[in-house]
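The values are calculated or read from the model by the stated rules, or taken from the named source; none is laboratory data. Quick caveat, the model's predicted, so the values are computed rather than measured. Don't worry about glycine lacking a Cβ; one is built from the backbone with ideal geometry, like all the others, and counts go over all protein chains shown. We work out accessible area using only protein heavy atoms, side chains counted, and drop any ligands, DNA or RNA first. Shrake-Rupley method; radii C 1.70, N 1.55, O 1.52, S 1.80 Å.
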Amino acid sequence: MLSLAWRGKQAVGTRSIASVAQKQLKEILAQQLKDIENAGTYKTERVITSAQKTSIRVVGSHSPVLNFCANNYLGLSYNEDIIDFSKKILERYGGGSSSVRFICGTQDIHKELERKISRFHQREETILYASCFDANAGIFEVMLTPEDGVFSDELNHASIIDGLRLCKAKKERYLHRNMEDLENKLNASTSRMKLIVTDGVFSMDGNVAPLPEIFALADKYNALVFLDECHATGFFGETGRGTEEFYGMMGRADIINSTLGKALGGASGGYTTGPKELIDLLRQKSRPYLFSNTLPPPVVGIAIKVMDILLKSSDLSKKIKKNTDHFRKGMAKVGFTVAGMDHPICPVMLGDAKLAGTFANEMLKKGIYVIGFSYPVVPKGKARIRVQISAAHSSEEIQRCIDAFREVGLKLGVISK
């Protein structure tokens with residue numbers, strides 16, 4: 001057994017050696033950070049001192065500002081009924097299970113939430129994860145083998161890209177929403193099983209995957225379709241059931257991954273929903289599920305309450321569509337280019353990275369909280385301010401945002417009228 005004195009001396013020596021390496025590390029990282037700053041793409045996190053509502057308090061701003069930068073699509077991130085229900089769940093079930101589900105057991109509320117998600121999406125079974133990033137990290141490695149092929153849109157979310165890196169399937173990237181390129185790759189494939197992977201709605205651009213064409217190709221080449229619905233679930237489509245419903249093709253996708261951390265309460269959590277056999281296999285082999293704690297009970301409570309709301313009414317989906325139409329038409333009228341396809345993600349295209357940052361700062365001075373997006377989050381030369389509309393915004397707040405854009409746009413020479 002090592003003596004305490006010896007271990008103490010070793011510890012001192014180890015720290016001394018590490019400090020040299022750490023100094024080198026700090027110098028290398030400092031240069032990288034300087035390069036990011038010089039490129040005008042350094043991202044500063046603004047500090048919010050209030051709940052995530054349409055009106056928030058931000059450090060550096062003397063008055064509350066209107067929030068147009070959250071994925072709080074349904075305005076449910078701060079809903080009193082949901083909060084009260086979540087408190088009751090906390091009091092009954094505590095803070096968490098203290099381990100993973102197959103070791104410490106599964107609380108009945110987790111099973112209840114999985115059933116309600118399955119019912120909402122009209123699928124056989126659902127499995128919960130700590131995030132949709134984990135859901136995307138956990139599925140492809142389990143589902144696909146070296147005999148299989150996967151075909152991924154080039155602009156899919158980073159979590160899909162990382163998840164695909166973990167699997168051993170033959171990987172093909174097709175040009176964004178380009179069905180000719182996808183068909184060429186499917187036609188050339190000799191894989192046992194083919195899986196087309198796409199975001200339902202692409203978060204940086206607000207455009208929608210061409211599902212009718214994708215499904216047609218899937219039928220033609222005997223392929224499966226995977227949808228990431230993080231920016232569609234709960235609010236997109238007539239009743240909020242996502243991209244399938246937007247196209248009138250409910251139930252057509254084979255697998256859906258989505259999040260609880262955006263429209264569905266804004267907390268955290270993700271899930272995979274689809275065939276029972278797949279979900280059963282994920283419970284046996286999916287590493288993020290097997291080796292990470294499950295969602296804490298208060299978060300599950302939030303999601304259960306949100307699901308109850310959505311299963312009873314589609315009023316919030318109708319409200320966000322009305323608000324989206326108001327903003328998009330108003331911005332076009334004053335001279336801005338807003339990308340995307342009839343979606344609450346409304347990218348106001350500016351092009352220059354530094355301009356986007358300056359524009360966002362000027363908007364904050366006018367009481368509007370938005371953020372500039374630039375490389376590497378979006379391609380070079382495609383900098384923008386991504387405005388996100390919520391069902392909780394009033395028509396007056398939408399118009400106030402449009403008016404602020406017009407004033408700042410005129411000041412910075414982005415528009416001329």
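Of note:
- Positions within segment 82-102 being at pLDDT below 95 and either open to solvent by 80 Å² or more (accessible area, probe 1.4 Å) or under 20 Å from Phe405 (Cα atoms) (or both), in sequence order: Ser98, Phe102
- Ile103 satisfies every condition listed in (1) part of a helix (DSSP H, G or I); (2) closer than 19 Å to Thr259 by Cβ; (3) of a type in the set (A, V, I, L, M) except (2).
- Test result for Ala253, under 20 Å from Ile302 (Cβ atoms) and either at pLDDT 95 or above or open to solvent by 10 Å² or more (accessible area, probe 1.4 Å) (or both): no
- For segment 239-250, a residue qualifies if it is open to solvent by 50 Å² or more (accessible area, probe 1.4 Å) and outside any loop (DSSP other than H, G, I, E, B), and exactly one does: Phe246.
- Of all residues in segment 189-202 being open to solvent by 20 Å² or more (accessible area, probe 1.4 Å) and not charged (D, E, K, R), the one that is nearest to the chain's Cα centre (by Cα): Met193
- Selection status of Glu245, modelled with pLDDT of 95 or more, closer than 24 Å to Asn71 by Cβ and not hydrophobic (A, V, I, L, M, F, W, C): yes
- Count - residues of segment 249-292 that are farther than 20 Å from Thr324 by Cα and either among the hydrophobic types (A, V, I, L, M, F, W, C) or out of contact with any Gly (no Cβ under 8 Å at 6 or more places or on another chain) (or both): 26
- Of the numbered criteria (1) modelled with pLDDT of 95 or more; (2) open to solvent by 10 Å² or more (accessible area, probe 1.4 Å); (3) more than 14 Å from Asn136 (Cα to Cα), the one Arg287 fails is (3).
- When the criteria are applied in full, Leu76 fails the requirement of being in contact (Cβ under 8 Å) with a residue 12 or more places away in the chain, open to solvent by 60 Å² or more (accessible area, probe 1.4 Å) and not charged (D, E, K, R).
- Test for Val334: is it in contact with a Cys (Cβ under 6 Å, 6 or more places away or on another chain) and over 25 Å from Gly237 (Cβ atoms): no
- Residue tally, condition of a type in the set (Asp, Glu) and within 19 Å of the chain's Cα centre (by Cα), over segment 154-188: 2
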